[in-house]
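To keep things clear, I will list the structure first and then write my remarks on it.
All of the numbers you see were taken from the coordinates with simple rules; none came from a lab. Computed from a prediction, not measured in an experiment: that's the story for all the values here. In this analysis, Cβ positions are derived from the backbone assuming ideal geometry, glycine residues included, and neighbour counts consider all displayed protein chains.
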Amino acid sequence: MFSGHNKLISYARDYFFIILGLASYAFGLSAFVLPEKVVTGGVVGLAALFHFAFGWNVAIVNWLVNIGLLIIAFRTVGRQFVIRTIFGATCGSVLLGIFQPMFTAPIVEQQAFMNILIGAILCGMGIGITITHNGSSAGTDIVAAMVSKYTNISFGRMMLYCDICIISSSYFLFGSIDKVIYGLIFMCVISIVADAVINRTRRAVQYFIISEHWEDIANAINNDANRGCTLIHGTGWYTKQDVKILFVLVRRMESENIYRIIKAIDPNAFITETVVRGAYGSGFDEVKVRLNKYKPELSDECTTPDSMLKQAYEKKLAQESKNNQI
């Protein structure tokens with residue numbers, strides 16, 4: 001029961017931050033980018049093209065195109081992806097519908113570049129927060145998911161191709177190369193900011209600790225910091241004495257607590273700290289990749305150094321025999 005309660009809280013927290021991230025994206029786009037008549041990438045950019053060309057509502061077009069793509073891609077991308085994306089597309093479209101009528105002119109007057117930069121930062125933060133909490137902002141990632149499944153084109157590259165095509169199309173609408181350049185700048189900045197937000201939340205800190213009081217430090221980290229330790233047996237080459245090394249991996253925000261524990265027990269402990277870009281499993285993040293029905297080929301045979309040498313020797317004999325025949 002307690003586990004189910006925690007799971008419910010976790011889901012509620014995720015959806016709260018997904019909505020917050022989508023709100024940041026919708027506000028940045030509506031308040032800073034669309035008033036400058038700059039077309040961005042993705043389905044939102046496509047909706048903006050229809051808006052500037054025919055006066056159609058961005059939010060409605062965005063939702064209809066996303067739902068249409070999801071219907072086409074239902075069997076390709078899977079049920080879970082579709083459910084997450086429907087929520088993201090619906091919530092994002094509603095927020096766009098709320099924010100867009102509120103901003104008919106740019107917030108920063110006669111500063112197009114500044115508006116695009118601020119809008120890209122807000123949108124990048126929104127996408128980063130959404131993805132970090134297992135959400136989806138919909139858009140061209142639906143097309144990218146379909147194409148990458150049946151071709152050798154990667155997911156990220158396909159998204160890049162789609163975005164560049166949509167942004168470049170704005171030239172035929174406005175006849176201004178400036179709008180295209182602003183759109184490309186927006187795309188670059190939003191990618192950098194989104195990556196920074198995603199990697200910051202996944203970043204961890206790795207410690208190697210050498211101390212005579214290793215057992216007390218390990219117990220304190222287990223009990224006070226609620227983190228695990230791995231004991232590594234080593235040998236000091238200069239002293240030729242056995243040493244115990246503690247391997248510890250924690251979130252970046254927990255690093256100060258680790259230092260406090262070590263200093264309280266052994267101020268003279270030897271410590272190395274390394275920033276880890278991502279940590280997965282055992283109390284950290286979950287590995288999130290699409291397997292695409294991939295199944296590794298497993299073998300009962302164990303590869304040993306002797307078997308590797310035997311295979312190399314047999315391969316060499318076969319090659320020599322082939323050369324002699326020639």
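The table for this structure:
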{"item": "Total formal charge among the other residues, if their Cβ is under 12 angstrom from that of residue 227, Lys/Arg +1 and Asp/Glu -1", "result": "-1"}
{"item": "Which of 239, 85, 90 has the fewest Cβ neighbours within 10 Å, and the rest in rising order", "result": "239, 90, 85"}
{"item": "Taking 51, 213, 233 and counting other C-beta atoms within 10 Å, the order from fewest to most", "result": "233, 213, 51"}
{"item": "Order of 253, 187 - criterion: other Cβ atoms within 10 Å of each residue's Cβ, fewest first", "result": "253, 187"}
{"item": "Radius 11 Å from Cβ of residue 135, net charge of other residues (Lys, Arg +1; Asp, Glu -1)", "result": "0"}
{"item": "Gyration tensor (alpha-carbon) shape descriptor, region 153-255, a/c threshold 1.5", "result": "prolate"}
